[in-house]
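Step one of this worksheet: look at the structure below.
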There are 2 protein chains.
Amino acid sequence: MTFKSHMHTALSEAQAAAERGEVPVGAVLVGPDGSIVARAGNRTRELSDPTAHAEVLVIREACARLGSERLTGHDLYVTLEPCPMCAAAISFARIRRLYYGAGDPKSGGVSHGARVFAHPQCHHAPEVYDGIAASEAEAQLKAFFSARRG
Amino acid sequence: MTFKSHMHTALSEAQAAAERGEVPVGAVLVGPDGSIVARAGNRTRELSDPTAHAEVLVIREACARLGSERLTGHDLYVTLEPCPMCAAAISFARIRRLYYGAGDPKSGGVSHGARVFAHPQCHHAPEVYDGIAASEAEAQLKAFFSARRG
């Protein structure tokens, strides 16, 4: 199934991020025709940029390529529940559908905490589908943090 | 007084943004020694980047220069209440104090809506000082939007 395939690609971006010493989160942006237009893992350490989350990187890349602030009709796949920064960026970019893997009770901003899409100050909310390949995403994160503690 | 001087600089960045056709919001980042380390106005249209808010631009610039994801001891001055994206970026960058001008009931994420700093999912909250030169910031925004409607 297509959405599982895209999440599998996002998981491979997350794995590549882990191998670079970055928190393993991966994202894939899919255009209106169903093809992947950008893919990335976190690069906050490499770029010394606290905003370089996987979601922000794919949104910035696709917007630059299209010459537009908006990605109407685009869908985003991300392995972890977005933080409030990424959720708001998703809203500004007018992403159509957000598919995510693991929930993030500690730092998430979609189903937890700030719940960015749930306020009248949010002027566009994507359709949200959660729990896709969540166990794989959770296993990646657990392996990463237990190795760093070890 | 220093904080008024920094907000005045932020207001001039907002004015320059308006003259480029961008929503007039300006930001100034001040280092631990009290000197300005970065200043910017919105550039979302120019850069085709929905994340290119003034606050994100100064944080990214200063982090890149320092080679760090964190701006410990730095203070941020911004003419308008930050949105949830910028509030979360401010938190990630460990900004010490946030000074802002006008409140933003329509799109703000600090004192309105998502209230990003008010949840346990937010792991660092700056000290917040609001209402500084608020009437000047409001006047800039009103002039900009009334000219666009005109």
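Values for this structure:
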{"item": "Heavy-atom accessible area ranking, 1.4 Å probe, most first, across B:V128, B:V110", "result": "B:V128, B:V110"}
{"item": "Candidate lysines for bridging to B:K106, where Cα separation is under 19 Å - those fewer than 8 sequence places away on the same chain excluded", "result": "B:K142"}
{"item": "Shielding by other protein chains, B:51-60, mean Cβ within 10 Å", "result": "4"}
{"item": "Rounded to 10°, Cα long-axis angle of helix A:54-66 versus longest principal axis of chain A", "result": "40 degrees"}
{"item": "Region B:36-150 - percent of accessible surface contributed by carbon and sulfur, probe 1.4 Å", "result": "50 percent"}
{"item": "With DNA, RNA and ligands ignored, accessible area of A:H123 (1.4 Å probe; Å², nearest 10)", "result": "100 Å²"}
{"item": "Chain A: angle of helix A:2-19 to the longest principal axis, Cα-based, in degrees nearest 10", "result": "50 degrees"}
{"item": "Length-normalised contact order for region A:1-106 - Cα pairs under 8 Å, 6+ apart - percent", "result": "24 percent"}
{"item": "Solution diffusion estimate, µm²/s, Stokes-Einstein, the protein assembly as shown, Kirkwood Rh from C-alpha pairs, 37 °C, viscosity 0.692 mPa s", "result": "171 µm²/s"}
{"item": "Residue (of A:Y77, A:G26, A:L66) at the positive-pole extreme of region A:1-106, dipole from beta-carbon charges", "result": "A:L66"}
{"item": "Computed [θ] at 222 nm, deg cm²/dmol, the protein assembly as shown (DSSP H ≥ 4; -39,500 (n - 2.57); rounded to nearest 500)", "result": "-12500 deg cm²/dmol"}
{"item": "Stretch gain in nm, segment B:S146-B:K106, where the contour uses 0.36 nm per residue and the Cα spacing is subtracted", "result": "12.8 nm"}
{"item": "Residue among A:G109, A:G21, A:G41 with the largest mean-square fluctuation in a Gaussian network model of chain A, springs linking Cα atoms under 10 Å", "result": "A:G21"}
{"item": "Exposure of B:Y129 as accessible area (Å², to 10), given a probe of 1.4 Å and all protein chains", "result": "90 Å²"}
{"item": "Inter-copy spacing of B:H123 label points, which lie 7 Å from Cα along Cα→Cβ, given in nm from shortest upward", "result": "3.2"}
{"item": "Which of B:L71, B:L47 is most accessible, then next, and so on - probe 1.4 Å", "result": "B:L47, B:L71"}
{"item": "Inter-copy spacing of A:T2 label points, which lie 7 Å from Cα along Cα→Cβ, given in nm from shortest upward", "result": "5.6"}
{"item": "Solvent-accessible area of B:K106 with every protein chain in place, 1.4 Å probe, in Å² to the nearest 10", "result": "140 Å²"}
{"item": "For chain B, accessible area per residue (1.4 Å probe, heavy atoms of protein chains only), Å²", "result": "42 Å²"}
{"item": "Peptide A:119-130, shielding by other chains (average Cβ, 10 Å cutoff)", "result": "3"}
{"item": "Inter-copy separations for B:S68, label at 7 Å along Cα-Cβ, nm, ascending", "result": "4.0"}
{"item": "Chains B and A together, accessible area buried on both sides, 1.4 angstrom probe, square angstrom", "result": "2500 Å²"}
{"item": "Rounded if a/c under 1.5, otherwise prolate or oblate - region A:29-150, Cα gyration tensor axes", "result": "prolate"}
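The values are calculated or read from the model by the stated rules, or taken from the named source; none is laboratory data. Keep in mind that this is a model prediction, so the values were computed, not measured. Ideal geometry is used to build each Cβ from the backbone, glycine not excepted, and the neighbour counts take in all protein chains shown. Ligands, DNA and RNA are stripped out before the accessible areas are found, and what is left, the full protein with its side chains, is counted by its heavy atoms. Shrake-Rupley method; radii C 1.70, N 1.55, O 1.52, S 1.80 Å.
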